Amino acid sequence: MKQIKLQKILFLIVLGIMTMIYIGPFLFSLSISFSGDKNVFEWPISFLPDDATFANYRNVWNELPFGKWLFNSVLVTTIQTISNVFFAALAGFTFARLEFPGKNIIFTILLSSLMIPGIVLLVPKFIVLNELSLINSYGGLILPGLVSVTNIFLMRQFFSTIPKDLEQAALIDGCSYFRIFWEIFLPISKPALAAVAIYTFQGSWNEFLWPVIVTYTEDMYTLPLGMASLRHELLTDWPLLMAGTILISLPTLAIFIIFQRYFVQGVSSSGLKG
Amino acid sequence: MATIEIKNLKKVYPGAKEATIENANITIEDKEFVVLVGPSGCGKSTLLRMIAGLEEITDGEIAIDNVRMNELSPKDRDIAMVFQNYALYPHMSVFDNMAYSLKLRKVPKAEIKEIVENAAKILDITHLLDRKPKDMSGGQRQRVAIGRSIVRNPKIFLFDEPLSNLDANLRVHMRSEIKKLHKQLNATMVYVTHDQIEAMTMGDRIVVLKDGDVMQFDTPMNLFNNPTNKFVAGFIGSPSMNFIEGKIIEENGITFISKDLKFEVPEDLKPCLKEFIGKDVTFGFRPEYIYDKKYEKIKRLSRDMEITVDSIEPIGSESYIYFRFNGNPEHKFCFRSDSQQQYSVGDTFSIGVDINRLRFFDTTTEERIF
């Protein structure tokens, strides 16, 4: 009994340390974002700034094209999230439930594309988009992220677990395959769809590398890129940068808190029961 | 009016070496309740699903009311199907589950409401109409599944082991409910089960399948009394028929001889068995038609057969007595005895089999000789 108690205490200590390691930088950023003093790297670190102010948050909005970056981010993220949910579900349904020649080969090719590191694809993607005159445009920002193989795989695994009887009952009731997908499978796949939506939203909202490559004028920047552009070689306004960073992490945080249940289900899935 | 005609039907799954259904020929009459029964993997569900249009037909033809169905999709066959796992749409209420097929057929809303409520009344599920499937018991879900099938008033109802997920009591209850429904709806029904008691109690006629072949298609009592082969004789009836493999020899007329016992064949059977002299035959006798010679004095029984009681299974109304013939201690048989008659393990006494119920099968072909 005593040993179990000791184990619990040890476990809590390790958990506490790990939590501090993860949450520490965030708390430090939060503290800096409220700091009135631009010289924030003094030792010892002060988590509660003496001259706390909201000025940095006001300045983010007033001094920077924050509204435009926000619009760009929202546009890219919304389109990519909706499109990923729809196409991943549609392709997942096709691979899980329909029979057609070459199905397994196509699926294997899709899966093997996951083995290629994303970084290798940056140059070919850029060349293709350049040929299509889509560099520094919304098309260039959005198109490459409209659908992802990981999401297709996730949805395919989920749909595979839904009993075949349900699909056949719908066929006898008079459904077409698209109707089965739309009216029967989608409504009962909320946990998987939410997982796909959350993953895509998070990835798209925080995406930095691709916007860096595909955009070159400030009006096309997304929020992470806009924030990064505040870093200068000689002088960086850290409180302003941190205020912006905190602001852009809020939606992800909110979505995670609201859909936490689905998120955890989604992680544990690749195959939830219907 | 709905007849089903199955002609030379064959099903081979892609990549499979053997056919799942081989040359099936079945004609199901209008308003008939036909049960497809057989052990696991015999092809009964495949056959039902081919009627439904859920499985492609490799060869042969299925016709409903003389119209070829092979190329029609399930929705165009005017059938309804009840699945083993209910297959209710989990996100819809009972009402919506039942109304769904009507909505797809663009039936006016008021009419849908009336039809669904009528069906719910028949199945006594009116109080469940607002519930979701997850909030109901297995029996209630199965009623809803049946309700969903009756609202469309289809020509044919197909049932794929609908009661196998229910507990024993509920199964017995639902059995009679489905039979009642059959009378009420006056429809053609095809019902799949692996449970021969379910088949016997429900079917007007029964198709017995084995390894994709139709063994016999007959009424329940004919299957029980006049099985065409050893498989049907052994499959129908519980406990199943006792079999002894032996030979017919010419000795005191015609005699059956085996490791277990030796007896002179009764006069009535001699003409049939004459041509099997010197050949291997299997003697079959049902546990129901074995009598203790001490108690049974009226029936025409076979000559005395000496047995020793090996074990006893009392089930209340009667007891299953497992015994062996004194000639062969390795081979066990069963007979049903009135539970009033007290037996103990090790008892030795004489039994006789009702002469009219003796059955002989050709050991090589397994076809019935008598």
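The values are calculated or read from the model by the stated rules, or taken from the named source; none is laboratory data. If you're wondering where the values come from, they're calculated on a predicted model, not measured in any experiment. Methodologically, a virtual Cβ is constructed for each residue, glycine included, from the backbone with ideal geometry; neighbour enumeration extends over all protein chains shown. Accessible surface areas use protein heavy atoms only, side chains included; no ligands, DNA or RNA. Shrake-Rupley method; radii C 1.70, N 1.55, O 1.52, S 1.80 Å.
Quick notes on this structure:
- Working from the Cα coordinates of segment A:1-126, the gyration tensor eigenvalues give, after taking √(5λ), semi-axes of 44, 31, 15 Å in decreasing order.
- Computed from label points 7 Å out along Cα-Cβ, the spacing between B:ASP213 and A:ARG231 is 7.8 nm.
- Once the C-beta distance of B:LYS132 and A:THR217 is scaled by a Förster radius of 60 Å, the resulting FRET efficiency is 0.70 to the nearest 0.05.
- Globularity ratio of segment B:217-287, using Cα Rg and 2.2 N^0.38 Å: 1.19
- Highest GNM mean-square fluctuation among A:THR78, A:THR236, A:THR245, for chain A modelled with Cα contacts below 10 Å: A:THR236.
- Residue-normalised convex hull volume from the C-alpha trace of the protein assembly as shown: 277 Å³ per residue.
- Backbone N under 18 Å from the B:ASN252 label point (7 Å along Cα→Cβ), restricted to segment B:285-311: B:293, B:301-307
- Ranking by accessible area, most exposed first, for A:ARG179, B:ARG303 with a 1.4 Å probe: B:ARG303, A:ARG179
- Relative to the Cα centre, the charge distribution of segment B:1-74, modelled as +1 at Lys and Arg Cβ and -1 at Asp and Glu Cβ, gives a dipole magnitude of about 240 debye.
- Residues in segment B:61-108 average 40 Å² of solvent-accessible surface per residue, probe 1.4 Å, ligands and nucleic acids excluded.
- Interface area, A with B, accessible, probe 1.4 Å, both sides summed, Å² nearest 100: 1700 Å²
- Directionally averaged shadow of segment B:156-299, computed from the convex hull of its alpha-carbon atoms, nm²: 12.5 nm²
- Pair A:PHE100, A:VAL74: separation of 7 Å Cα→Cβ label points (nm): 3.7 nm
- 10 Å binning of all Cα-Cα separations within segment A:64-270, expressed as whole percents from 0 upward: 8, 28, 31, 21, 9, 2, 0, 0
- What the Kirkwood sum gives for segment B:1-93 is a hydrodynamic radius of 14.3 Å, with every pair of different alpha carbons counted.
- Computed over segment A:64-270: relative contact order in percent, which uses C-alpha pairs under 8 Å that are six or more apart: 35 percent
- Accessible surface area normalised per residue over segment A:64-270 is 48 Å², counting heavy atoms of protein chains with a 1.4 Å rolling probe.
- Förster radius 30 Å - calculated FRET efficiency between B:GLU288 and B:LEU72, Cβ distance, rounded to 0.05: 0.10
- Within chain B: Cβ-based charge dipole about Cα centre, in debye rounded to nearest 20 (Lys, Arg +1; Asp, Glu -1): 1160 debye
- For chain B, dividing the convex hull volume of the Cα atoms by the residue count gives 176 Å³ per residue.
- Here the gap between B:GLU366 and B:ILE315, fully extended at 0.36 nm per residue and compared with their Cα-Cα distance, gives a gain of 15.2 nm.
- Accessible area of B:THR27 (1.4 Å probe, protein heavy atoms only, ligands and nucleic acids ignored): about 60 Å².
- Scanning chain A for GluC sites (Glu not before Pro) in DSSP loops with at most 16 neighbouring Cβ atoms within 10 Å leaves A:100-232 as the longest stretch between them.
- Taking label points 7 Å from Cα along the Cα-to-Cβ direction, A:LEU27 and A:LEU146 give a separation of 4.6 nm.
- Expected 222 nm ellipticity per residue - DSSP helices of 4 or more, -39500 (n - 2.57), all of the protein assembly as shown, to 500: -13000 deg cm²/dmol
- Rounded to whole Å, the principal axis extents of the Cα atoms in segment B:56-170 read 44, 39, 24, largest first.
- Accessible surface comparison of B:ILE112, A:ILE105, probe 1.4 Å, protein chains only, largest first: the order is A:ILE105, B:ILE112.
- Cα-based Rg and Dmax for segment A:65-166, where Dmax is the largest Cα-Cα distance (Å): 16.6, 55
- Computed magnitude of the charge dipole of the protein assembly as shown (debye, nearest 20; Cβ of K, R +1, Cβ of D, E -1): 840 debye
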